[in-house]
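Encoded as structure tokens, the structure appears first; notes follow it.
The values are calculated or read from the model by the stated rules, or taken from the named source; none is laboratory data. Not measured: the values here are computed from a predicted model. Cβ placement follows ideal geometry from the backbone for every residue including glycine, while neighbour counts extend to all protein chains displayed. Surface areas here come from the heavy atoms of the whole protein model, side chains and all, with no ligands, DNA or RNA. Shrake-Rupley method; radii C 1.70, N 1.55, O 1.52, S 1.80 Å.
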Protein chains: 2
Amino acid sequence: MSAIADREALLFANEAFYQAFSARDIAALDALWSKAEPVLCIHPGWPALAGRDEVMASWTRILANPDAPKIECRAPRAHVLGDVGLVLCYELISGQALVATNVFRREGRTWKLVHHQAGPAPPPPAPTPEETPRPN
Amino acid sequence: MSAIADREALLFANEAFYQAFSARDIAALDALWSKAEPVLCIHPGWPALAGRDEVMASWTRILANPDAPKIECRAPRAHVLGDVGLVLCYELISGQALVATNVFRREGRTWKLVHHQAGPAPPPPAPTPEETPRPN
């Protein structure tokens, strides 16, 4: 796979994460997290979570909240380090910005999440033309 | 290198990072960050920084502050993913807790920092007996 295609696949996996999050689709979210590696997660203001059971339980709790606001991913930047992929991006939740580190591990032809940390941030940079949402 | 020695080396690099931070030793800090890979950094409440110049300039600015409080690393947990190492740990700064993700890349026999994110956290777990600081 070319370096560009590799990075595109990483951004695609990152986008799938935010789509599953926004759709409150726990099955889709579960499928995006690695089953081969121990997984980790730091939600804003939470302690560090470790292990698939603890991490997936946290997502189930977050997504079960019917008042959970929509989340939007902005300005993602992907970095491939061999078989590990890092995506740094902003998250917009009800007008508030967070900044996130998403760590993926290559598994076959896909990238699976192994770690997520999000924390408070200043507003993200303005979207570039390619990032501006197109009308459907 | 055995898996245990590998993880120990990763924890050692993580500890060196906090020692350089606490000693406000910018040369030691600089030496711990990768020169082979693009580096990234998210300080609490800052935008995501990318590239060695931007990241090292941020550390120079932080460490130049003579009132910078001491930082203490607590409850580090290391995870090796091939040639990438993740350390999750708490940071204690003037009694306030942060939680951090430190990402390292294997370079020869050492681990070099490629990414750091810290954000607000609840208090860390109580130190285990091995973690309790010994009198010098």
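Relative to the Cα centre, the charge distribution of segment B:2-96, modelled as +1 at Lys and Arg Cβ and -1 at Asp and Glu Cβ, gives a dipole magnitude of about 160 debye. Protection proxy ranking of A:15-24, A:112-121, by the mean of other Cβ atoms within 10 Å over each peptide's residues and highest first, is A:112-121, A:15-24. When the accessible area of segment A:1-92 is split by element with a 1.4 Å probe, what percent falls to carbon and sulfur? Of the solvent-accessible surface of segment A:1-92, carbon and sulfur hold 56 percent.
With the Cα gyration tensor of the protein assembly as shown giving a ≥ b ≥ c as the square roots of its eigenvalues, does the rule (a/c under 1.5 for rounded; else a/b larger than b/c for prolate; else oblate) give rounded, prolate or oblate? Rounded, because the longest to shortest axis ratio a/c is under 1.5.
Counting only protein heavy atoms and a 1.4 Å probe, the protein assembly as shown has 50 square angstrom of accessible area per residue. Label points for residue B:57 are taken 7 Å from Cα along Cα→Cβ. From this copy to the others they lie 4.5 nm apart, shortest first. Within the shell of other residues whose beta carbon sits under 15 angstrom from the beta carbon of residue B:79, the net charge comes to +1, with Lys and Arg scored +1 and Asp and Glu -1. Around residue A:37, with a cut-off of 12 angstrom between Cβ atoms, what is the net charge of the other residues, counting Lys and Arg +1 and Asp and Glu -1? My count for the surroundings of residue A:37 gives +3. Placing a label point 7 Å from the Cα of residue A:120 along the Cα-to-Cβ direction, the distances to the matching points in the other copies come to 0.3 nm, shortest first.
Interface residues of segment A:71-115, defined as those losing at least 30 Å² of solvent-accessible heavy-atom surface relative to the isolated chain (probe radius 1.4 Å), are listed as A:79, A:81, A:84, A:86, A:88, A:90, A:99, A:101, A:105, A:115. Between chain B and chain A, the total buried accessible area stands at approximately 2200 Å², from heavy atoms with a 1.4 Å probe. Summing charges over all other residues whose Cβ lies under 14 Å from the Cβ of residue A:122, with Lys and Arg as +1 and Asp and Glu as -1, gives 0. Label zone (residue A:83, point 7 Å along Cα-to-C-beta; backbone nitrogen cut-off 17 Å) within segment A:11-43: A:34-39.
For the segment B:46-56, counting C-beta atoms of other chains within 10 Å of every residue's C-beta and taking the mean gives 3.
Between residue B:70 and residue B:110, the modelled label-to-label distance comes to 2.5 nm, taking each label 7 Å out from Cα in the direction of the beta carbon. Averaging the sequence gap over all C-alpha pairs within less than 8 Å and six or more residues apart, then dividing by the number of residues, gives chain A a relative contact order of 25 percent.
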